[in-house]
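The values are calculated or read from the model by the stated rules, or taken from the named source; none is laboratory data. None of the values given here were measured: they were computed from a predicted structure. Using ideal geometry, Cβ is built from the backbone for each residue, glycine included, and neighbour counts are taken over all protein chains shown.
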Amino acid sequence: MTRPLAELHVAVLMGGLSSEREVSLSSGKGCADALEGQVAKVSRVDAGRDLAQVLAELKPDVVLNALHGEWGEDGCVQGILETLQIPYSHSGLLASALTMDKDKTKAVLRAAGVEVPGGGLFDRHEVASRHVIPPPYVIKPNAEGSSVGVYLVPEGANGPQAEVGAPDWTYGEEVMVEPYVPGKELCVTVLGEATGPRALTVTDITPVKGFYDYEAKYAPGGSVHKLPADLPPAVFERAMRESELAHRALGCRGVSRSDFRYDDVKDVLVLLEVNTQPGMTPTSLVPEQAAYCGMAYKDLVRWMVEDASCPR
């Protein structure tokens, strides 16, 4: 943005329509609170189907998109903002749509030289009826975030996860099934344009119980974050560079977060997915990494607004 921050009217989008609504409300509140006193006006928008009409009436100078998951993170809202020609934060339409599709994301990353897990997409009823790959493996929706709908099928399991075939399953008819990679859960935040992104640092995440699921991510005390991660220097550097490479290859803008698994026995690092609308809650990894690198929460949010543009 070329205008001074203190003159701007910023609309913060939060809530939305996805299964990650509650997380988004928390992210949005944090961002809006941080902007109070830094900008001329903050409008807190619980985004619904009437979003285009609401924004047309509000006439904000900038939109800070704190939505997560389907509709808010998959290119749909980005298309509305492009149509209205309102500068906005985070990634544009194409990168948002691409990174929400785990299968297509893996294809792009593999072509760019980033190591990703094997496996693939399978019909959910087939996955519920038999082991489509040998256990241990992970089942996840192809287009959800925050570990919603994720199941770990351990080695020696008698059968697959029956819930995937249930009538009330709402996460699509195809699911991603990947070999389980043991070891460390790692993440890296990247800031910047696709042409010149900058990785911040690497966090090692240890869930208090189970695996890094929804509760471990967002419940206070659900996981322990070691920052920076205690890794061999070559592995640490590889995670940083591959996060930047993923950001560039996928065309991301603003903030992204890459999630890895590192098998420290076999010395194998794989990139699981890239998030274009990472959480900004009190337990989120991105603001924690930014703070470690000397960027306070309010400064990170201000940077997101200053980085906004359209087209994206």
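For R253, the conditions (1) basic (K, R); (2) touching a strand residue (DSSP E or B) at 6+ places or on another chain (Cβ under 7 Å); (3) buried (at least 23 other Cβ atoms within 10 Å of the Cβ) are fulfilled apart from (2).
One residue alone among A52, A56, A6, A11 is surrounded by 24 or more Cβ atoms within 10 Å (Cβ to Cβ) and either part of a helix (DSSP H, G or I) or among the small types (G, A, S) (or both), and that residue is A11. Do the conditions hold for V39, that is, is it surrounded by 14 or more Cβ atoms within 10 Å (Cβ to Cβ) and farther than 19 Å from V286 by Cβ? In short, yes.
Of all residues in the range 271-312, those being in a strand (DSSP E or B) and surrounded by 20 or more Cβ atoms within 10 Å (Cβ to Cβ) number 5. E115 meets the conditions (1) surrounded by 14 or more Cβ atoms within 10 Å (Cβ to Cβ); (2) at pLDDT 95 or above; (3) part of a loop (DSSP other than H, G, I, E, B) in every case but one. The failed one is (1).
The single residue among S18, S27 that is at pLDDT below 95, surrounded by 17 or more Cβ atoms within 10 Å (Cβ to Cβ) and polar (S, T, N, Q) turns out to be S18.
The residue pairs whose first member lies in the range 168-181 and is under 23 Å from V270 (Cβ atoms), whose second member is β-branched (V, I, T) and assigned to a strand (DSSP E or B), and whose beta carbons are closer than 6 Å, counting only pairs six or more residues apart or on different chains, are V175/I139; V177/I139; E178/V138; Y180/V138; V181/V270.
Taking (1) within 19 Å of S256 (Cβ to Cβ); (2) modelled with pLDDT of 90 or more in turn, E144 satisfies each apart from (2).
Kindly check whether there is at least one residue in the range 126-140 that is within 24 Å of the chain's Cα centre (by Cα) and within 25 Å of H247 (Cβ to Cβ). Lay out the reasoning, then the answer.
Of the range 126-140, the ones within 24 Å of the chain's Cα centre (by Cα) are 137-140.
In the following step, the residues that additionally are within 25 Å of H247 (Cβ to Cβ) were identified as 138, 140.
So far as the range 126-140 goes, yes, one or more of its residues are within 24 Å of the chain's Cα centre (by Cα) and within 25 Å of H247 (Cβ to Cβ).
For the range 263-310, a residue qualifies if it is more than 18 Å from the chain's Cα centre (by Cα) and in the same structural domain as R241 (by TED's automatic domain parsing), and the qualifying residues are D263, D264, V265, K266, D267, V268, L269. Within the bounds of the range 174-183, is there any residue that is surrounded by fewer than 21 Cβ atoms within 10 Å (Cβ to Cβ), under 16 Å from the mean Cα position of the chain (by Cα), closer than 20 Å to D259 by Cβ and not aromatic (F, W, Y)? No - not one qualifying residue is present in the range 174-183.
Per-residue answers, yes or no, for (1) touching a residue at least 60 places away in the same chain (Cβ under 8 Å); (2) within 16 Å of D103 (Cα to Cα); (3) among the aliphatic types (A, V, I, L, M); (4) in the same structural domain as G75 (by TED's automatic domain parsing):
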{"residue": "R130", "(1), (2), (3), (4)": "no, no, no, no"}
{"residue": "V150", "(1), (2), (3), (4)": "yes, yes, yes, no"}
{"residue": "V153", "(1), (2), (3), (4)": "no, no, yes, no"}
{"residue": "A157", "(1), (2), (3), (4)": "no, no, yes, no"}
{"residue": "Q161", "(1), (2), (3), (4)": "no, no, no, no"}
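For the residues V10, V23, the requirement of being among the hydrophobic types (A, V, I, L, M, F, W, C) and closer than 21 Å to N142 by Cα singles out V23.
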